[in-house]
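Novice: Below you'll find the structure I mean.
The values are calculated or read from the model by the stated rules, or taken from the named source; none is laboratory data. Please read these numbers as outputs of a predicted model, since none were measured by experiment. When we count neighbours, we look across all protein chains shown, and the Cβ atoms used for this are built from the backbone with ideal geometry, even at glycine. Surface areas here come from the heavy atoms of the whole protein model, side chains and all, with no ligands, DNA or RNA. Shrake-Rupley method; radii C 1.70, N 1.55, O 1.52, S 1.80 Å.
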Amino acid sequence: MKVLFISKDRDDVYIKRAIAFVKSNFDATIVLAKPGQAIADEAVKWQGDLLISYLCPWVLPKEVLQSATYASINFHPATPDYPGTGCTNFAIYHDEKEYGAMCHHMSCKVDSGRVIAVKRFPVLPEDSVYSLTQKCYVAMSELFFEIMDLILKGKELPVSEEHWTRKPYTRVQLNALKKLDLTMSIDEIRRRVKATTYPGTPGAYFEVEGMRFEYVPQRDS
């Protein structure tokens, strides 16, 4: 089986494991994307059986999706309740008690294809965006190997009874979640700060007279 595996170009143990597996078991083409990079010609020109998107940063055009004769599938770091961008952020903001990862068929419209499988786990009160994201990556990796094992054995892909429940969240909505206002309640500010705090990434902020001030929560002494 000819497989195209597309993911982010970063030092990530789960991506490395997935790549090693694909290379060991298929006629594999690996395409890794750097931030802001245009879709690689290697991906556009590829023709084969199975396309795998694993944390792929690109919105793949119809021509690429249709280049796979067996299936084009995506491993999404969220449940069907959280399509689009900032999934973990919004899950924290909404105080979800359960989260997870999923695999779905890809279509031209982002995060709308038929659901293949979902793997869930509990969300703890102390979970942050970072810890929840790491748990999600573990679940997504487990789901990847479960689905790939079925493919290797020549079995059909599962058909889940679950479906997407809303339109995809957008970057604009995620940025809006970061903006604080003095008219907000203390609880609302705390929720937004918790939902937008992630190492190395700008978080919640106040804007006063066109100037932006990042909110830095005080640590307990």
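Novice: Can you tell me how many residues within the range 30-65 are over 18 Å from the mean Cα position of the chain (by Cα), closer than 21 Å to Asp12 by Cα and modelled with pLDDT of 95 or more?
Specialist: 1
Novice: How many residues are open to solvent by less than 100 Å² (accessible area, probe 1.4 Å) and either touching a His at 6+ places or on another chain (Cβ under 9 Å) or under 17 Å from Phe206 (Cβ atoms) (or both) when one looks only at the range 170-186?
Specialist: Matching residues across the range 170-186 total 9.
Novice: What's the total number of residues in the range 9-29 that are under 16 Å from the mean Cα position of the chain (by Cα) and more than 21 Å from Lys135 (Cα to Cα)?
Specialist: Qualifying residue count, the range 9-29: 0.
Novice: What do you reckon, is Ser128 modelled with pLDDT under 95, open to solvent by less than 60 Å² (accessible area, probe 1.4 Å) and over 12 Å from the mean Cα position of the chain (by Cα)? Lay out the reasoning, then the answer.
Specialist: Details: modelled with pLDDT under 95: no; open to solvent by less than 60 Å² (accessible area, probe 1.4 Å): yes; over 12 Å from the mean Cα position of the chain (by Cα): yes.
So Ser128 does not fit the description; no.
Novice: I've got another one for you. Taking the options Ala176, Ala139, Ala91, name whichever one is hydrophobic (A, V, I, L, M, F, W, C) and free of Cβ contacts under 8 Å to residues at least 24 places away in the same chain.
Specialist: Within the list Ala176, Ala139, Ala91, the selection yields Ala176.
Novice: Which one of these does Arg10 not meet: (1) of a type in the set (D, E, K, R); (2) more than 24 Å from Val110 (Cα to Cα); (3) free of Cβ contacts under 8 Å to residues at least 24 places away in the same chain?
Specialist: Only one criterion is unmet by Arg10, namely (2).
Here is a yes/no grid of residues against (1) open to solvent by 70 Å² or more (accessible area, probe 1.4 Å); (2) closer than 20 Å to Ala18 by Cβ; (3) among the basic types (Lys, Arg):
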{"residue": "Tyr99", "(1), (2), (3)": "no, no, no"}
{"residue": "Val110", "(1), (2), (3)": "no, no, no"}
{"residue": "Arg114", "(1), (2), (3)": "yes, no, yes"}
{"residue": "Leu152", "(1), (2), (3)": "yes, yes, no"}
{"residue": "Glu161", "(1), (2), (3)": "yes, no, no"}
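Novice: Considering only the range 1-75, give the helices (runs of 4 or more DSSP H) lying wholly within it that have at least 1 residues that are open to solvent by 20 Å² or more (accessible area, probe 1.4 Å) and under 15 Å from Ser141 (Cβ atoms). It would help to see each step written out before you state the result.
Specialist: Values: elements: 13-25, 41-45, 62-65.
Those helices (runs of 4 or more DSSP H) span 13-25.
Novice: While we're here: Would you say Tyr169 is closer than 30 Å to Ile116 by Cβ, in contact with a Cys (Cβ under 8 Å, 6 or more places away or on another chain) and not acidic (Asp, Glu)?
Specialist: yes
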